[in-house]
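So the structure is just underneath, and the comments pick up after that.
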Ligand SMILES: C[S@@+](CC[C@H](N)C(=O)[O-])C[C@H]1O[C@@H](n2cnc3c(N)ncnc32)[C@H](O)[C@@H]1O
């Protein structure tokens, strides 16, 4: 079987972890870690779109000496459950405490205390209502799903004066699959795929943004903030001598299937031609020949005390 029998978004998010880890911009990550050290402890942090919890694991590693209270929010309850189970099943384990209250979990680690509260709800609405405010907001691989400016306004509302927001893996307008199948067709598929992102309602009636990364660089100052650090975090997925790393072959199949589904819905390309193209891409993955590139930016912003 060249193509997987079924596709699972949860498996895709887990397969994405090794790709993100390689891609994240180290300079921007270092600036984020330094900024976290500047807050009074415990640092209160809210994550938008936690998925299966990849960013919780990363921030656990990055804050060993800093006490953290982490609010992890995803609109999909099944993903929130997966993230919560993933943290509870870590080798060192975790305990839900205080039992039966808000469901927050204390993660057992060497170093400073780390507590996570999981919430299944719209994170932008949670931030926009301003009832809880945070030192830091994090959203990885999220902003291309929504209108960047509207999302930032919600984020700013949920930040305390001097608060920061870290947006790793923010898609920015380039998808490339090589070697080519048919250069003209590949180019047309990329263009229509991005246009579909820009035209499809995803979050709260907002359409996505295939150039979210660059939009962020102007939207931060427009909302009264300052870009503290920014840099590329392109995904580069390619085979080694032993094939693709970890579950990255599945990751690639999922990406090709996502592009095919978007183009099917778009309806401008002949269905047979699209199917033949997708099959050829799946075959390239099975033969460990496909290389996938996606251009992304990591951005860290701070909103000064005066806003
Ligand atoms: C592309 S996934 C990224 C997940 C995770 N950040 C990662 O990098 O693995 C985007 C996530 O945002 C969630 N999401 C979409 N709209 C949301 C909203 N308004 N509030 C909270 N989560 C949302 C989706 O359910 C999905 O899990």
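The values are calculated or read from the model by the stated rules, or taken from the named source; none is laboratory data. Quick caveat: nothing in here was measured; it's all calculated off a predicted structure. Here the Cβ is made from the backbone with ideal geometry for all residues, glycine too, and neighbour counts use every protein chain on show.
Scanning the range 122-140 for residues that are surrounded by fewer than 22 Cβ atoms within 10 Å (Cβ to Cβ) and part of a loop (DSSP other than H, G, I, E, B) gives 122, 129, 130, 131, 132, 133. Where helices (runs of 4 or more DSSP H) fall entirely within the range 1-103, those with at least 1 residues that are at pLDDT below 95, within 16 Å of the ligand (Cβ to nearest atom) and touching a strand residue (DSSP E or B) at 6+ places or on another chain (Cβ under 6 Å) are at 77-88. The single condition among (1) at positive phi; (2) outside any loop (DSSP other than H, G, I, E, B) that residue 254 does not satisfy is (1). Taking the conditions exactly as written (in a strand (DSSP E or B) and either surrounded by 19 or more Cβ atoms within 10 Å (Cβ to Cβ) or touching a residue at least 24 places away in the same chain (Cβ under 8 Å) (or both)), does residue 268 satisfy them or not? No; evaluated as a whole, the condition is false for this residue. Selection of strands (runs of 3 or more DSSP E) fully inside the range 198-239 by the criterion of at least 3 residues being modelled with pLDDT of 95 or more and more than 16 Å from the ligand (Cβ to nearest atom) returns 226-232.
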